[in-house]
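Asker: I'd like to ask you about the structure that follows.
The values are calculated or read from the model by the stated rules, or taken from the named source; none is laboratory data. Keep in mind the model is a prediction, meaning the values are calculated, not measured. Heads up, the Cβs are rebuilt from the backbone with ideal geometry, glycines too, and the neighbour counts pull from every protein chain shown. Surface accessibility is based on the protein's heavy atoms, side chains included, excluding ligands, DNA and RNA. Shrake-Rupley method; radii C 1.70, N 1.55, O 1.52, S 1.80 Å.
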Amino acid sequence: MTDTNIKASDSNRRMPRVLISGGGTGGHIFPALSIADALRERINPEILFVGADNRMEMTRVPAAGYEIVGLPVAGFDRKRPWRNIGVLFKLFKSLRMAKKIVRDFKPDIAIGVGGYASGPTLKAAEKAGIPVLLQEQNSYAGVTNKLLGKKAQKICVAYDGMERFFPAEKIVKTGNPIRKALLDSRKTEKEARESFGLDPARTTLLVVGGSLGALTINESLEKGLRRLSDQGIQVIWQTGKNFGDRGLSAAKNIKGVVVTPFITDMAGAYKAADLVIARAGAGTISELQVLGKPAILVPSPNVAEDHQTHNALALTACGAAEMVKDIDARETLVATAIKMISDKGRLADMSEKVLSMALPGSDSAIAEEVIRIIKENSRWKPI
């Protein structure tokens, strides 16, 4: 919804109000929903999301049972700066709308999870004297969060060394929340492979590049799919919606390859996989850590501050993952996968190391920080 006429009830209400802003990608939306669910289980507050118009949160959040308001905010175009006049206009309009949302909803706390909508919303909350909590998912903080972090009460992070970007006394290491469905699955490896129509006894590679797809990863698979099959490797390949039928064409007459634009059962896909190829978004890395999955990370070159490379390096530095640069992937990615997947000892060691980095229960840890701040800053008291 885009109606900003959110009205507060009487000031002596018992239930607190929580404003959650951000989105744009699943890596922002899934943690936000996990935090909301954890808060709902504990204190059942009134929750309002603020997202960016025409981004995926505008459908995903209502589908999860929460109300959302959309802002016309958009990211700056670094490659075509002349387009930023329109971006600035949208930003100023979003700031006005965010101010009205905060005034009408009267939140007890504002939570930012990253994404275009976080900046205007949290800025409006700060100016209104509303306490702010940031959830920084990456190992390299973005410009917006670094600015907002100066006045935030708490900053929940997933990596060590974040005092480079934020005041040390405000940092709490909680990790990144992951999708609950990934933890609830009880399928065995055999059952997971069979559910995809694959041979339960064969080595399996999972390739994912996000809901839109990662062109470099997709073209690497397109070129090397036959080589993988010749090595006896099965493949579950999520192409994303932008790759069209190219994946299906590449897989024609090759056995043991599942090609789909979107994987509904990600828990099963992870369970089926001996090795994962993926981008290095914070959400994906947190999933790999909690599930203990060895991976080849191909950082996207099209993200702010090159934060995916920093995320990947945090894992490769301790042997918890392998990294292939995007520019090299078309030539080396498939060969790297074949070499790694044939080394069971290395996969087991990598699985152990990536699992040791996991911070399970992140949604609960962040929810507890939120509740503490609400108790300290409002008249609401738990029943």
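Quick grid of which residues meet (1) farther than 20 Å from I178 by Cβ; (2) more than 15 Å from the chain's Cα centre (by Cα); (3) at pLDDT 95 or above:
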| position | (1), (2), (3) |
| --- | --- |
| L288 | no, no, yes |
| N302 | yes, yes, no |
| G319 | yes, yes, yes |
| D343 | yes, yes, yes |
| L347 | yes, yes, yes |
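Asker: Looking at (1) modelled with pLDDT under 95; (2) open to solvent by 10 Å² or more (accessible area, probe 1.4 Å), can you tell me which one A52 breaks?
Answerer: (2)
Asker: Quick one: in region 24-49, which of the residues that are within 19 Å of A367 (Cβ to Cβ) and outside any helix (DSSP H, G or I) is most open to solvent (accessible area, probe 1.4 Å)?
Answerer: Top of the filtered list is N44.
Asker: Also, quick follow-up: Restricting attention to region 299-306, does a residue exist that is touching a residue at least 12 places away in the same chain (Cβ under 8 Å), part of a helix (DSSP H, G or I) and more than 30 Å from G129 (Cα to Cα)?
Answerer: Looking for residues that are touching a residue at least 12 places away in the same chain (Cβ under 8 Å), part of a helix (DSSP H, G or I) and more than 30 Å from G129 (Cα to Cα), one finds at least one in region 299-306, hence yes.
Asker: Restricting region 320-350 to residues that are free of Cβ contacts under 8 Å to residues at least 60 places away in the same chain, open to solvent by 60 Å² or more (accessible area, probe 1.4 Å) and not in a helix (DSSP H, G or I), which is nearest to H307 (Cα to Cα)?
Answerer: Within region 320-350, the match that is nearest to H307 (Cα to Cα) is K325.
Asker: Also, I was wondering about something else. Can you work out which of the residues in region 83-121 that are part of a helix (DSSP H, G or I) and within 19 Å of the chain's Cα centre (by Cα) is surrounded by the fewest Cβ atoms within 10 Å (Cβ to Cβ)?
Answerer: Among those that are part of a helix (DSSP H, G or I) and within 19 Å of the chain's Cα centre (by Cα), it is G119.
Asker: Does region 351-367 include one or more residues that are outside any strand (DSSP E or B), open to solvent by 40 Å² or more (accessible area, probe 1.4 Å) and over 27 Å from K173 (Cα atoms)?
Answerer: There is no residue in region 351-367 that is outside any strand (DSSP E or B), open to solvent by 40 Å² or more (accessible area, probe 1.4 Å) and over 27 Å from K173 (Cα atoms).
Asker: Kindly provide the set of residues from region 15-27 that are in contact with a strand residue (DSSP E or B) (Cβ under 9 Å, 6 or more places away or on another chain) and of a type outside the set (S, T, Y), ordered by number. Outline the logic, then answer.
Answerer: Within region 15-27, the subset in contact with a strand residue (DSSP E or B) (Cβ under 9 Å, 6 or more places away or on another chain) is 15-24.
Within region 15-27, M15, P16, R17, V18, L19, I20, G22, G23, G24 meet the criteria.
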